[in-house]
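Novice: Mind looking over this structure? Questions follow.
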Amino acid sequence: MTMSETSQMQGNAPQASVKPSVFVDGASGTTGLGIRERLDQLGDIAVRSIDPDKRKDPAAKQALMAEVDLVILCLPDDAAKETVALIDTMGSDAPKVLDASTAFRVAPDWTYGFPELAPDQADKIRHARKVANPGCYPTGGIALLRPLVDAGLLPADYPVTINAVSGYSGGGKSMIESYENGTAPAFELYGLGLQHKHLPETQRYSNLTRRPIFVPSVGNFRQGMLVSVPLHLDTLPSKPSGADLHAVLEKRYAGSNYVKVMPLDNSAAKGGRIEPEALNESNKLELYVFANEALRQAVLVARLDNLGKGASGAAVQNMRLMLGFPDSVGLR
């Protein structure tokens, strides 16, 4: 039995004198580096590393994983599947695993790592052996849509459209290089084949029965994200007002440490604006309702850091839940 499991059986968070141990597999990538930076700042987790010469040696990796409480996988999908298969052979020596790839986000035996998804989701994560960290775009989209579907304001088969813009840091090594060396455009749409890899989890965890249209884009800034959902209010069965939508979101996230519903903006007179970088370097997620009641239209907007609540911050939040720490402690 690992140190953190003993602490959880005793009903306590891990004590400072008995630090839980974590191995970040793939710590040289953008998400892995962000996780390591956050763990170094917190100082209450013992981070274990593997000899670089042995990082592709299954026996050496398995030996290290048998000594830690939790493994965070920051690997491509195929490599993540290989490592999970290795963990599955370890029996009682197997650590908990948190996967940051897309490999297991809709797998039936994995817990989805969005603690704010539902009132009991954080507890599910606390007790899970395997947790899939969400994608950055789905974090914003699901946060906006799931409460409205659950409340019956948005039908499960509604033809939802999701638009989003992210900083280039979420696009992988080649995209980062092209923006940082000045060869990329100032702005571009992508995923126009309508098969973006984040769509399956967005649909499933929003409780939608109709596949949404998702149009992502990337801008010439490093990090930050806006996810938006336009709505014609009179096409919804109950013909809600912007205030009705806002009230449902406020009720769902009341008391949340990291998700905040911002004041309702009936922007017909004011002309609303919002930029994507205000939450950078944080694990915060802000939700907005911009409504024009005269026109019976609204736009829902989520703002987050694609490297924070959209990746590394979310991973550390999930890791801490899985190791028995309170959800309110440890992240800004």
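Novice: Take segment 223-256 and flag every residue that is open to solvent by 10 Å² or more (accessible area, probe 1.4 Å), assigned to a helix (DSSP H, G or I) and not acidic (D, E).
Specialist: T235, A243, H246, A247, V248, K251, R252, Y253
Novice: Has segment 154-161 got at least one residue that is modelled with pLDDT of 95 or more and in a strand (DSSP E or B)?
Specialist: yes
Novice: Condition test on G167, is it under 30 Å from A298 (Cα atoms), open to solvent by less than 30 Å² (accessible area, probe 1.4 Å), modelled with pLDDT under 95 and not hydroxyl-bearing (S, T, Y)?
Specialist: Judged against the criteria, G167 is a match.
Novice: Can you name the residue in segment 116-138 that is under 22 Å from S166 (Cα atoms) and out of contact with any Ser or Thr (no Cβ under 6 Å at 6 or more places or on another chain) and is also surrounded by the fewest Cβ atoms within 10 Å (Cβ to Cβ) among such residues? Write out each step before concluding.
Specialist: So the first thing to find is which residues in segment 116-138 are under 22 Å from S166 (Cα atoms), and the list is 116-117, 132-138.
After this cut, where a residue has to be out of contact with any Ser or Thr (no Cβ under 6 Å at 6 or more places or on another chain) as well, the list is 117, 132-137.
Numbers: L117: 22, A132: 26, N133: 30, P134: 30, G135: 27, C136: 28, Y137: 28.
If we take residues in segment 116-138 being under 22 Å from S166 (Cα atoms) and out of contact with any Ser or Thr (no Cβ under 6 Å at 6 or more places or on another chain), then L117 is surrounded by the fewest Cβ atoms within 10 Å (Cβ to Cβ).
Novice: If you don't mind, there's one more thing I want to ask. Read through the list (1) part of a helix (DSSP H, G or I); (2) open to solvent by 30 Å² or more (accessible area, probe 1.4 Å), then give the number of the only condition that G141 fails.
Specialist: That leaves (2) as the condition not met.
Novice: Shifting gears a bit: If you check every pair at least six apart or on different chains, which have Cβ atoms under 8 Å apart with a residue in segment 270-293 that is closer than 24 Å to L148 by Cβ first and a residue that is at pLDDT below 95 and exposed (fewer than 14 other Cβ atoms within 10 Å of the Cβ) second?
Specialist: Note: pairs meeting the criteria are N283/R332; K284/R332.
Novice: Can you name every residue in segment 68-82 that is outside any loop (DSSP other than H, G, I, E, B), out of contact with any Pro (no Cβ under 9 Å at 6 or more places or on another chain) and not small (G, A, S)?
Specialist: Selection gives I72, L73, D77, D78, K81.
Novice: So, one more: Picking from D51, D57, D88, D77, which residue would you name as being free of Cβ contacts under 8 Å to residues at least 40 places away in the same chain, at negative phi, touching a helix residue (DSSP H, G or I) at 6+ places or on another chain (Cβ under 8 Å) and of a type in the set (D, E)?
Specialist: Exactly one residue qualifies, and that residue is D51.
Novice: Does any residue of segment 171-181 turn out to be touching a residue at least 60 places away in the same chain (Cβ under 8 Å), open to solvent by less than 40 Å² (accessible area, probe 1.4 Å), under 15 Å from the mean Cα position of the chain (by Cα) and closer than 22 Å to L304 by Cα?
Specialist: No: zero hits.
Novice: Please determine whether any residue of segment 204-220 is small (G, A, S), open to solvent by less than 60 Å² (accessible area, probe 1.4 Å) and in a strand (DSSP E or B).
Specialist: Within segment 204-220, one or more residues are small (G, A, S), open to solvent by less than 60 Å² (accessible area, probe 1.4 Å) and in a strand (DSSP E or B).
The values are calculated or read from the model by the stated rules, or taken from the named source; none is laboratory data. Since the structure is predicted, the reported quantities are computational estimates derived from the model, not experimental observations. A quick note on method: Cβ atoms are made from the backbone with ideal geometry, for glycine too, and the neighbour counts reach across all protein chains shown. For the accessible areas, the whole protein counts, side chains as well, though only heavy atoms, and no ligand, DNA or RNA atoms are used. Shrake-Rupley method; radii C 1.70, N 1.55, O 1.52, S 1.80 Å.
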